[in-house]
Amino acid sequence: GTRDFGREQMAIRERAFSIITSVFKMHGGVALDTPVFELRETLMGKYGEDSKLVYDLADQGGELCSLRYDLTVPFARYVAMNNISAIKRYQIAKVYRRDNPSKGRYREFYQCDFDIAGVYEPMEPDFEVVKVLTELLDKLDIGVYEIKLNHRKLLDGMLEICGVPAEKFRTVCSSIDKLDKLTFEEVKKELVEEKGVSNETAENIGSLVKTKGPPLEVLLELRKEGSKFMENEGSVVALNELEILFKALEKANALDRISFDLSLARGLDYYTGVIYEAVFKGVTQVGSIAAGGRYDKLVGMFSNKQVPAVGVSLGIERVFAIMEQQEKEKNQVIRATETEVLVSILGKDLILAAELVNELWSAGIKAEFKLTTRVQNHIKYATQTGIPWMVLVGESELRDGKVKLKDIRANQEEEVPRKDFVEVLKQRLSNP
């Protein structure tokens, strides 16, 4: 359930992380970091039936600690501990789950989180977080995706309408949440046999969870005359909020990626409002690639002050699986380094190499050096690692006070005075 990452994979990961960070910063996010383990009591009771996946650490005499399961609960604990009333933060870090490893599912993996905590106008932060999610997936350029969206209050209203007792809402939600992997018949069996829901109630749930489609159309459908949802207080609140959200997303050109889906339940206990999940629609089957929602009571679990919050978490491992597949299909050489120039000394003169390569480093040019008398070894190394330029220096060049520049891709060489070579390379690199 864990992985090592080689240099080519790290090159793809670093590229993705820099895109993600730039999107977070564009929206005014500040970076935070929290410890990799928390007190066990901090994590318990926040993840519903998934709490069994929390990694407990051995008791070293004193506190019972566990590895973090996500970045949201530690964030809520941080906000409470520091008495923060408003913050927009991002965090990119590893989390741990004692899960059964499978394709795209690991026990240690990165999450990239963006959260807004504080009191705002209705749907103000929810809109921005969903917009951030669409920007992330567009800029990562992984192909077609869909964001399923629902509202916890609408879900609770639906369960109430169907006759589910309030104390069973959460456990029934965790069954509905499996509908993307199981058929309704399988979920119904679980509801009736394991969760003690009546056959009729399960059937009622089944007829409602099939509702999905373009957000504004589904909204109209749920609000039409005679709709049971309009008789349910919580559902009416949810539908009014969703109308504001959908109209804002429409203005921000983000609504066409969203599907209003009543089967989306998100099993975690702490969600209180809008919930969403992004799914990749391409060939690489990876399941959910990002998810999140509103959690208004989580911070209050750690202090006597309630700070409403909303966030999204990108499961970056699955995004990498797609990006790696894309690179393979393009047959592109994935460059592990960003080296621009190879200083090739045709001999063993380290002192000369140090002098030349340092001039490049001082000019901010990414450079490596190599000492060997065989020209072919230099060229082979530059070609394999994708370095575009070489500076060749042998005895004749030294004697004439020149260096030879080689453009690997164009397979062209030119001699330039030793004193000018850094300036010439700067020009060549800025105009490829």
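Work out the FRET efficiency for Arg374 and Glu423 from their Cβ-Cβ distance, taking R0 = 35 Å, and round it to the nearest 0.05. It would help to have the intermediate numbers written out before the result.
Values: r = 29 Å, r/R0 = 0.83.
Efficiency at R0 = 35 Å is approximately 0.75.
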Between Ala354 and Asn240, what is the label-to-label distance in nm when each label sits 7 Å out along the Cα-to-Cβ direction?
7.5
Give me, ordered by chain and number, the residues 5 or more places off Val307 or on other chains with an amide H under 5 Å from its own placed amide H.
Val299, Gly300
Can you list which of the GluC sites (Glu not before Pro) found in segment 196-284 are DSSP loop residues with at most 13 other C-beta atoms within 10 Å?
Glu225
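Count neighbours as other Cβ atoms within 10 Å of each site's Cβ, and list the GluC sites (Glu not before Pro) in segment 16-89 that are DSSP loop with at most 13 such neighbours.
On the way: sites: Glu38, Glu41, Glu49, Glu63; in loops: Glu63.
Counting only loop positions with at most 13 other Cβ atoms within 10 Å, the GluC sites (Glu not before Pro) in segment 16-89 are Glu63.
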Counting only backbone N atoms under 18 Å from a point 7 Å out along Cα-to-Cβ of Asp4, the residues of segment 320-358 in range are 336
Here the relative contact order (percent) of segment 218-377, from C-alpha pairs under 8 Å and at least 6 apart, is 12
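How large a share of the accessible area of segment 205-296, in percent, is made up of carbon and sulfur atoms when the probe is 1.4 Å and the other protein chains stay in place?
Values: 2080 of 4040 Å².
Answer for segment 205-296 is 52 percent, counting heavy atoms of protein chains only.
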Per residue of segment 400-409, what does 6.51 cos²θ - 1.76 cosθ + 1.60 with θ = phi - 60° give for ³J(HN,Hα)? Whole Hz please, x for Gly and Pro, Karplus curve as stated.
8, x, 10, 9, 9, 9, 10, 8, 4, 5
Over the chain, calculate the relative contact order: mean separation of alpha carbon pairs under 8 Å at least 6 apart, over the residue count, as a percent.
16
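Filter the cross-link list Lys178/Lys224; Lys181/Lys247; Lys348/Lys402 down to pairs whose alpha-carbon distance in this structure exceeds 24 Å.
On the way: Lys178/Lys224 29 Å; Lys181/Lys247 31 Å; Lys348/Lys402 18 Å.
From the list (Lys178/Lys224; Lys181/Lys247; Lys348/Lys402), the Cα-Cα distance tops 24 Å for Lys178/Lys224; Lys181/Lys247.
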Tell me what the chain gives for mean residue ellipticity at 222 nm when only DSSP H runs of n ≥ 4 count, each as -39,500 (n - 2.57), the sum divided by the residue total, rounded to 500 deg cm²/dmol.
-12000 deg cm²/dmol
Sketch the reach of a paramagnetic label on Glu63 as a point 7 Å from Cα along Cα-to-Cβ, and name the residues of segment 87-120 whose backbone nitrogen lies under 19 Å away.
94-96
Whenever you get a sec, line up Glu108, Glu121 from highest to lowest accessible area (probe 1.4 Å, protein heavy atoms).
Glu121, Glu108
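The values are calculated or read from the model by the stated rules, or taken from the named source; none is laboratory data. Given the structure is predicted, the values throughout are model-derived calculations rather than measurements. Note that each Cβ is placed from the backbone with ideal geometry, even for glycine, and that neighbours are counted across all protein chains shown. Just so you know, the surface numbers come from the protein's heavy atoms only, side chains and all, with ligands and any DNA or RNA stripped out. Shrake-Rupley method; radii C 1.70, N 1.55, O 1.52, S 1.80 Å.
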